[in-house]
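Please read the structure below before turning to the comments.
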Amino acid sequence: MFSGWNWVAHGLYLLWSICSLGVSGGLVQSCGHIIPESPVLTLGSSFTALCILNESCLDFGNIYANQIIWKTKNRVVPKEQYREINRTVSSVTFNDTSSLANPLTCNILADGQIEQNIYGITVTVGLPPEKPKNLSCIVRQVSKLAYPMTCTWNPGRPTFLDTHFRLKYRWPQENFPDCIPKDVNNSCMITDVQFFVNLEVWVEAENALGKAESDPLVLDPIEIVKPLSPHNLSVNSGILPTVLKLSWENRISVAVMKLKFNIRYRIVGDTNWMQVPPEDTASPRTSFSVQGLRPYTEYVFSIRCMKEDGVGYWSDWSEEKTGVTTEDKPSKGPPIWRSIAASHSPAFWTVHLMWKALEPFEANGVILQYEVTVRSKSSLSSLAEKYHVNTTNLTLKLPNGTYEVTVIAHNRVGASPPSVLLIPASNSKAPVKSVRTLPKDGKLWVGWTAPNSYVLKYVIEWCLVSNSSDCIIEWQNEPGNVQGTYLKGDIKPFKCYLITVYPLYADGQGSGQSVKAYLQQDRPSKGPTVQTKKVGKAEAVLTWNHLTVDEQNGFIRSYTIFYKTVDGNETAVTVDPSKTEYTLSSLTSDTLYTVRMMAYTDEGGRSGPDFTFTTQKFGKGEIEAIVVPVCLAFLLIVLLGVLFCFNKRDLIKKHIWPIVPDPSKSNIAQWSPQVPAKHNFSSKDQMYPEGSFTDVSVVEIEADDKKSFSEQDLKPFDLLKKEKSTSEGHSSGIGGSSCMSSPRQSVSDSDEGETTQNTSSTVQYSTVVLNGYRDQTPVQVFSRSESTQPLLDSEERSEDQVGGGDSTTQRQHYFKQNGGQDETNTDRPCFERTKQIIHANEGDLAGFAQLQISGQSSQPLGLELEKNTQEAALSDVLQASTEGQTVRSETVEGNTMLVDEMPKSYLPQTVRQGGYMPQ
Amino acid sequence: MAAADNTSAALRRRDLCSRGIRLAGKMRSDVIDLLDTYVERQGLDASASVASVEGVPAAAVERWDEQTGTQRLLENLAAYRAFRALLAQMLEEQQEQLGEADAALGRALAAVLLQVSAFTYHLEELLRLESRGPPSEEGAEPPPAAHLSLFERKLRGLGVLRELAQWAVRSTRDLRQLAKPSPGSSSAASLAESP
């Protein structure tokens, strides 16, 4: 505990000692110092510093050199770099000063715990100056008497130190004050130098680490002068139109130096300078006449100077001055050409003369007018017509022939040589051959092969071919000894030019040879628009229009057609550029195709819009090949079916709608005693032999009933029979006895046979009982029998004949009977009608029996039987029932007047013309 | 070795003569310009007659063409040493009189002084090449001007400049004469002509 208090007291004492020592010796007095004090060190060198403690501190604070700690910017220097020289001196060594940071401090560790700074220094690190190199000087004249000299040099590497450069100069016998650069370290200007005495110049660089001097430069300043350029330049026109005289003032005394000059000049608007030969201006002067200039041309002049012997520097070019040469007469005649158009009169030409305005260097002044002389070479008189025009063209209407045209240009000074153009009656001379073009250096070169004859000159005529503008002719002349030239005009790229070359001879002219050319080609601006002309199953005919010349941008070398399906690969076909149609083949049927077309020039192609089309599902004739056989087959099948039906009609009838024989037409009627003779009909006898009757009903006929059949009633039937033999086509109206029969079934002999056949099948006939209607006494009663005797068609036919014959009285009679019946009865089944028959009155039945007998007797049966049967069947099939109803209605109306006359014959049966007739 | 030295000495002499001639020409030109400025600035009459300047040998000399080269050089050297002292005195007086107000005149005087000094160097070098060496500058001091009035100083200054202009002409001729190949010299090089 006590020792601890001692430590604290000792430390406080030490601090008090240090502080009191510092204060007692002055404002600040430290316990030591560092040697060297703020040194400047070479970058990369080694450095050793010493910290020396004051003896007084040793006495008061018990501090020694072994307690010293070195720091660089608060960073402790490793102990390995320390060395205790004695009890008051400690050293630190740095092998490389580049890593040395400021400040470097010497510190003491009092009693091993409290660190106290003793002293600190700032170390400056840098490099000594390098020897300045590349020293050079120039004397720039700034006024007539002021010649400052500026010297520049390379100061060398950065030194990181404050380095002073001095430009030193001296005469051998006299020193001058140094030139100290301002703000820079690589140049200095000496305000005034004296010529003709050698001056020694050098540069001295100095900093804290050393001094360096450049190699001395010994020179006479007069040898490095850059004089001021001559001034007050003036240009005056001379007497000659090709001369301009320049005058100027020199700004350097001849006593200082003799000068030589450069004179340059150019035409206003031209960028290229021309120069007067230097040897012509190599001597001191203040004026010069420039020769060889163009008349009436504005020139720009400029001049510079330097020391006559060429030692030194050229001055800057002087300010530019312009001057214009005087006019001279035109040096040549204007180039002339013509175009000839047919006039309204075939004997005249419209000659359009055109000539080019002379270039300024040819006109040599302002062209006031042109004198055009046209002389006919054809006529003997050879009179010349003169025209004075201010324009560069003249249109004349001349008779056909050969002419010589002369054009002369006039300016203020004089006239040009004449330009002559021979216009022959025809271009009969040899033309040039092999006209060709070649783009070159942004211009279009035209070449040709000269004809064998001597050519005076050539005229190259060209125009821009465009859809939007006319072909405006431009032209140029070329001498006869050339076979190629560049077109002198504004030839645009991507435009088509039609170029024609005419050879002009002394006595005529050759026809023009033309060629089309492009200065530069490009891809077409658009592609062809393709569309289909015709689309088939596997092919499509594509058609397109040629691109216009404005769209081509070059020669169309080829077309390429690209086509593809929706999911297929694209196929390309190359097409000749002359074509406008192409047929795509091997396409897939019923497929959507997309087609586009590209037009190619030498520079590439461009595609037109897409076009889609769908190939057809069937090829040409395929549908016909399918449909026609199918139709034929169908018709054949129908026909066969029809034939089959006819062949099997009986069978069909039997199974589907068996014929129910009409009892009223039964042969049993023939048994009636009133008509015994009818049964003598031979055919019936054959057809129905007596032996075939297996069952015969007994018919009781009252004698009174015979009265109901008067002779008058029977007469019409006789007439009918007669007519039947001659007119078989008349409808009987009774054919409807069969269920298959149409009401309008035509009755013929064949029906009879058919009926005969059909009724050959076993049909149970009911017994016919003649009974009175509604309690009236029946005339005749038929009872259905079990007989299989066929229903005789002859009976039906007889009825038909009655209905269709001319015996209207008879027919009307029967119609009256059915007039009040519902027409729908015709559709009733056969058995219903049979019941109606039962209610028929006796008189009617008797009459009907007569009718059948007469019909039978009048109808021959034989070879026509089958044929008529078929016809009747066809009629059944084809005739519509509605038609029959219509006719029937009319018939009913027509018979209304007979009701009163024959009320007894009215029967509730279906009545229709040609239909089932009631009994 | 001796021949080489002779050749080198001849080239050196030739170069010194050539540039001396051109320097004399420029000096004359500048002095003439300075004379105009001086007359104007000092308010003098350009036609004022001035007596010969004390201490300056007269430029005009009889039997000039009979003089030897060394004699010419010595006379020139004496004259230009005197001009150098007089011009330095004039420059000092001008600065005292006008201060920095007329810097252009001071610069022109300083420039002429430099040229005189440079020409003096040329002459000394030529004399060295003559194996004679330049004489000492004792006695070249200009007479004190303290006793002169301001106007007299101005007139003296005018006289100095006029005499210098004349000496420039004579020096040119002297150097041309010197530049001509001497009978005993192997160097036959023709010197550059005067400007």
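The values are calculated or read from the model by the stated rules, or taken from the named source; none is laboratory data. These numbers were taken from a predicted model, which means no experiment stands behind them. As a convention, Cβ positions derive from the backbone with ideal geometry for all residues, glycine included, and neighbour counts pool all protein chains shown.
Here B:VAL53 meets the list (1) within 14 Å of another protein chain (Cβ to nearest Cβ); (2) crowded, with 19+ Cβ neighbours inside 10 Å almost entirely, failing just condition (1).
Of all the residues that make up region A:273-316, how many are closer than 19 Å to A:THR242 by Cβ and assigned to a loop (DSSP other than H, G, I, E, B)?
10
Residue by residue, here is whether (1) within 14 Å of chain A (Cβ to nearest Cβ); (2) crowded, with 22+ Cβ neighbours inside 10 Å; (3) among the β-branched types (Val, Ile, Thr) holds:
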position: B:ASP33; (1), (2), (3): yes, no, no
position: B:THR37; (1), (2), (3): yes, no, yes
position: B:TRP64; (1), (2), (3): no, no, no
position: B:GLN71; (1), (2), (3): no, no, no
position: B:ARG81; (1), (2), (3): yes, yes, no
position: B:ALA85; (1), (2), (3): no, no, no
position: B:GLU93; (1), (2), (3): no, no, no
position: B:LEU123; (1), (2), (3): yes, yes, no
position: B:LEU126; (1), (2), (3): yes, yes, no
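The one condition from (1) in contact with a Ser or Thr (Cβ under 6 Å, 6 or more places away or on another chain); (2) within 14 Å of chain B (Cβ to nearest Cβ) that A:THR297 does not meet is (2).
On the basis of being closer than 30 Å to A:SER511 by Cβ and in contact (Cβ under 8 Å) with a residue 24 or more places away in the chain, does A:PRO295 make the cut? Here the answer is no, as A:PRO295 does not meet what is asked.
Does region A:388-405 include one or more residues that are touching a helix residue (DSSP H, G or I) at 6+ places or on another chain (Cβ under 7 Å) and under 30 Å from A:THR297 (Cβ atoms)? Within region A:388-405, none of the residues are touching a helix residue (DSSP H, G or I) at 6+ places or on another chain (Cβ under 7 Å) and under 30 Å from A:THR297 (Cβ atoms).
Just so you know, in region A:630-658 the residues that are in contact (Cβ under 8 Å) with a residue 60 or more places away in the chain and in a loop (DSSP other than H, G, I, E, B) include one that is farthest from the chain's Cα centre (by Cα), and it is A:PRO658. Within region A:238-253, is even one residue loosely packed, with under 14 Cβ neighbours inside 10 Å and within 60 Å of the chain's Cα centre (by Cα)? No: zero hits. Here B:LEU16 does not qualify as at pLDDT 85 or above, assigned to a helix (DSSP H, G or I), crowded, with 19+ Cβ neighbours inside 10 Å and under 12 Å from the mean Cα position of the chain (by Cα). Is at least one residue of region A:346-356 touching a Ser or Thr at 6+ places or on another chain (Cβ under 6 Å), crowded, with 17+ Cβ neighbours inside 10 Å, in contact (Cβ under 8 Å) with a residue 24 or more places away in the chain and closer than 30 Å to A:SER289 by Cβ? Taking every residue of region A:346-356 in turn, none turns out to be touching a Ser or Thr at 6+ places or on another chain (Cβ under 6 Å), crowded, with 17+ Cβ neighbours inside 10 Å, in contact (Cβ under 8 Å) with a residue 24 or more places away in the chain and closer than 30 Å to A:SER289 by Cβ.
Among the candidates A:CYS106, A:CYS31, A:CYS19, A:CYS57, which residue alone is of a type outside the set (A, V, I, L, M) and modelled with pLDDT of 80 or more?
Of the residues listed, the single one that is of a type outside the set (A, V, I, L, M) and modelled with pLDDT of 80 or more is A:CYS106.
Per this entry, A:SER247 is counted among residues that are in contact (Cβ under 8 Å) with a residue 40 or more places away in the chain, hydroxyl-bearing (Ser, Thr, Tyr) and either away from every other protein chain (no Cβ under 14 Å) or part of a strand (DSSP E or B) (or both). For the subset of region A:488-544 comprising residues that are among the acidic types (Asp, Glu) and at pLDDT below 90, which member is nearest to A:PHE618 (Cα to Cα)? Filtering region A:488-544 for residues that are among the acidic types (Asp, Glu) and at pLDDT below 90, the one nearest to A:PHE618 (Cα to Cα) comes out as A:GLU539. Please go through region A:186-204 and give me each residue that is assigned to a loop (DSSP other than H, G, I, E, B) and within 14 Å of chain B (Cβ to nearest Cβ), ordered by number. Once the filter is applied, which keeps residues that are assigned to a loop (DSSP other than H, G, I, E, B) and within 14 Å of chain B (Cβ to nearest Cβ), region A:186-204 yields A:THR191, A:ASP192, A:VAL193, A:GLN194, A:PHE195, A:PHE196, A:VAL197, A:ASN198. Counting the residues of region A:630-657 that are modelled with pLDDT of 90 or more and either within 30 Å of A:VAL535 (Cβ to Cβ) or in contact with a Cys (Cβ under 7 Å, 6 or more places away or on another chain) (or both) gives 3.
Summed over region A:136-185, residues that are within 14 Å of another protein chain (Cβ to nearest Cβ), among the charged types (D, E, K, R) and in contact (Cβ under 8 Å) with a residue 24 or more places away in the chain total 2. Scanning region B:95-121 for residues that are more than 14 Å from chain A (Cβ to nearest Cβ) and polar (S, T, N, Q) yields B:GLN95, B:GLN97. Residues of region A:285-306 that are within 15 Å of A:GLU249 (Cα to Cα) and surrounded by 16 or more Cβ atoms within 10 Å (Cβ to Cβ): A:ARG285, A:PHE288, A:PHE301, A:SER302, A:ILE303, A:ARG304, A:CYS305, A:MET306.
For region A:267-277, how many residues are surrounded by fewer than 19 Cβ atoms within 10 Å (Cβ to Cβ) and out of contact with any Asp or Glu (no Cβ under 9 Å at 6 or more places or on another chain)?
Qualifying residue count for the region: 7.
Scanning region B:10-31 for residues that are within 13 Å of B:GLN115 (Cα to Cα) and within 9 Å of chain A (Cβ to nearest Cβ) yields B:ARG19, B:GLY20, B:ILE21, B:ARG22, B:LEU23, B:ALA24, B:GLY25, B:LYS26, B:MET27, B:ARG28, B:SER29, B:ASP30. Within region A:441-466, the residues that satisfy the criterion of being in contact (Cβ under 8 Å) with a residue 40 or more places away in the chain and surrounded by 20 or more Cβ atoms within 10 Å (Cβ to Cβ) are A:LEU444, A:VAL446, A:TRP448, A:VAL455, A:TYR458, A:VAL459, A:ILE460. On the stretch given as region A:205-226, residues that are more than 14 Å from every other protein chain (Cβ to nearest Cβ) and in a loop (DSSP other than H, G, I, E, B) total 5. Scoring A:SER514 on the criteria (1) part of a loop (DSSP other than H, G, I, E, B); (2) under 30 Å from A:SER434 (Cβ atoms) leaves a single failure, condition (1). For A:GLY238, the conditions (1) within 14 Å of chain B (Cβ to nearest Cβ); (2) modelled with pLDDT under 90 are fulfilled apart from (1).
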